[in-house]
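Structure, as structure tokens:
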Amino acid sequence: EHIPAVHTALVQKIASGPAELTELELCIAQKLVESVIALAEKCAYPTDYFIDLTMDNDEELEIERNDVRDVLRSITNFDKAIQHVPLLTLDYVLQYCNDKIVSSACDTSNEWRLPPETAVHLLSSPARSLQCLAENIPKLGDCQYSKIIQSIIQRAMDCVSHACQQLIDAFRQNVSINHIFPISRLMCICLASFSPFFSSLLANYHYLNEDLRQVLQQILGQFIYVAVESVKNLPELTACSSLGNTVYDIRGAMRSPGGEDHVACIAIMRLVVESENLALTTLKSAALLTGTDITSILVELSHLYQHLHSLEMKRVPGVFHGSGVTPKSRRVLLKSICTFGFIVAKYESGTKESIQSELYCLFHGPLKTILRANVESSVSHDELVHYICEATHDLSSFPPEFCSQLFSSAADSQDSDILKGTQIIINTVVSGYRDYLRFEEPSETLIQWGRMRGAMLALLRSCANPGFSELA
């Protein structure tokens, strides 16, 4: 409480006084940052914290970490205008992060060369302030703080790029999950929170110097790589989730504190929803980084989604831990892939046909799951309804335009998979009114049928336009 209070008092004093800061005021600003850094180091994860990933998080520790982020945001925040003191504190924080991250890559005692957890933790906090600076880049010519703002943006980008590269190298070296888990989780949170910042930089691209342009392109390429490798190698839950009984879940949860989705899937989603320009430029940067093309990156994402679905099918229905991600996170990724596809087809000539073909294959996946489960003798009735329900939710995750076109096309061409799959979905819902309403007590069958009705409604909503109405 004292740190934000002192910071506010300092800002107010300077606002009503001379433009230049005195030596005492500069010292106070620096000591405020040093205090926050000391707090962050104090509540860093202990070295043995992630040895047993099945243990619950230390709630007191997580609360302290949240408090540190809040304090850091408060002393680097620009309320109404860019002010000198928040600029100084932000610059000091980024200097600390940059020094720690860069030096860790050369530290022989740091066996895996991973960036320090405390530095990455602090780095993600002032994302909103950085976005504010990026939005104001066109006005820097008339700003008295233009030099320090340019320095802050460059340093923030260097921090992210170095940390991403160290994490990528760790994935390539197959570093133990216990070491890579916390850094990957924090880095994905950082990249997700920085998406508006990246988008604002792209919007003002012609104002950026060549060095900043190059590091921005590099980071966006690294963004996809880090997210894909995190989803591929780090399960959303290493053990059964304790969320509900605890506030912050188990230690082996690839989620933001108290969250319910894989952070790498959320990071990819943030890219897509932030702006079409950011999504398209990220795919181009990833293609440049890997020496491929945009379509190949989309195909890689598609294969990742299919891999996650295959892992899910190997788990017992209702079990969400051990490998892969939860169905909800998988669908977050699916929606992002579809949106990526539509953006590329819109702006990149010659890609529409191949992208539609890839999305069409993805769309057929849930239908094939329904058809296989329907004829599998070893599948119980409750399991059958479960598989049909999950597949129906998957279908509803496709964009309305694409979904309705496929159903409309099926009506014309008599596509057997679509027609049979749709009929099974409808029959499963309708038959429940005949077979299940006699149940007086809740049962697994009734629960699954209730979920199935919700899935059917989601599917109808996703196709609620003239392309689907005739078949519906």
Taking the stated definitions as given, is Asp107 over 29 Å from Cys27 (Cα atoms), surrounded by fewer than 20 Cβ atoms within 10 Å (Cβ to Cβ) and in contact with a strand residue (DSSP E or B) (Cβ under 8 Å, 6 or more places away or on another chain)?
no
Working only within region 156-195, note down all residues that are over 18 Å from Ala44 (Cβ atoms), polar (S, T, N, Q), open to solvent by 20 Å² or more (accessible area, probe 1.4 Å) and part of a helix (DSSP H, G or I).
Gln165, Ser193
Tell me which residues, restricted to region 32-81, are surrounded by fewer than 17 Cβ atoms within 10 Å (Cβ to Cβ) and either of a type in the set (Val, Ile, Thr) or at positive phi (or both).
Thr47, Ile51, Thr54, Ile63
Give me a count of the residues in region 293-312 that are open to solvent by 70 Å² or more (accessible area, probe 1.4 Å) and either over 19 Å from Met254 (Cα atoms) or more than 19 Å from the chain's Cα centre (by Cα) (or both).
4
Pairs with Cβ under 6 Å, 6+ apart, first in region 376-394 and under 21 Å from Ser443 (Cα atoms), second open to solvent by 20 Å² or more (accessible area, probe 1.4 Å) and of a type in the set (Lys, Arg)
Cys389/Arg451
Among the residues of region 55-65, are any touching a residue at least 24 places away in the same chain (Cβ under 8 Å), under 21 Å from Ser184 (Cα atoms), touching a Pro at 6+ places or on another chain (Cβ under 9 Å) and basic (Lys, Arg)?
yes
Run down Ser129, Ser125 and say which single residue is part of a loop (DSSP other than H, G, I, E, B), under 18 Å from Leu191 (Cβ atoms) and either touching a Leu at 6+ places or on another chain (Cβ under 8 Å) or among the aromatic types (Phe, Trp, Tyr) (or both).
Ser125
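Results for (1) part of a helix (DSSP H, G or I); (2) under 17 Å from Pro116 (Cα atoms), shown as yes or no for each residue.
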site: Ala29; (1), (2): yes, no
site: Leu39; (1), (2): yes, yes
site: Phe50; (1), (2): no, yes
site: Glu60; (1), (2): yes, no
site: Arg65; (1), (2): yes, yes
site: Asp70; (1), (2): yes, no
site: Arg73; (1), (2): yes, no
Every listed condition ((1) assigned to a loop (DSSP other than H, G, I, E, B); (2) in contact with a Cys (Cβ under 7 Å, 6 or more places away or on another chain)) holds for Ala81 save (2)
Among the residues of region 292-319, the number that are part of a loop (DSSP other than H, G, I, E, B) and within 19 Å of Gly350 (Cα to Cα) is 2
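Give region 355-370 a look and list any residue that's among the polar types (S, T, N, Q) and open to solvent by 50 Å² or more (accessible area, probe 1.4 Å), or say none. Break it down into steps so the answer makes sense when it comes.
Start the filter on region 355-370 by keeping residues that are among the polar types (S, T, N, Q), which leaves 356-357, 369.
Result: Gln356, Ser357.
The values are calculated or read from the model by the stated rules, or taken from the named source; none is laboratory data. Bear in mind that the values here come from a model prediction, so they are computed numbers and not experimental data. Note that we place each Cβ from the backbone using ideal geometry, even for glycine, and neighbour counts take in every protein chain shown. Surface accessibility is based on the protein's heavy atoms, side chains included, excluding ligands, DNA and RNA. Shrake-Rupley method; radii C 1.70, N 1.55, O 1.52, S 1.80 Å.
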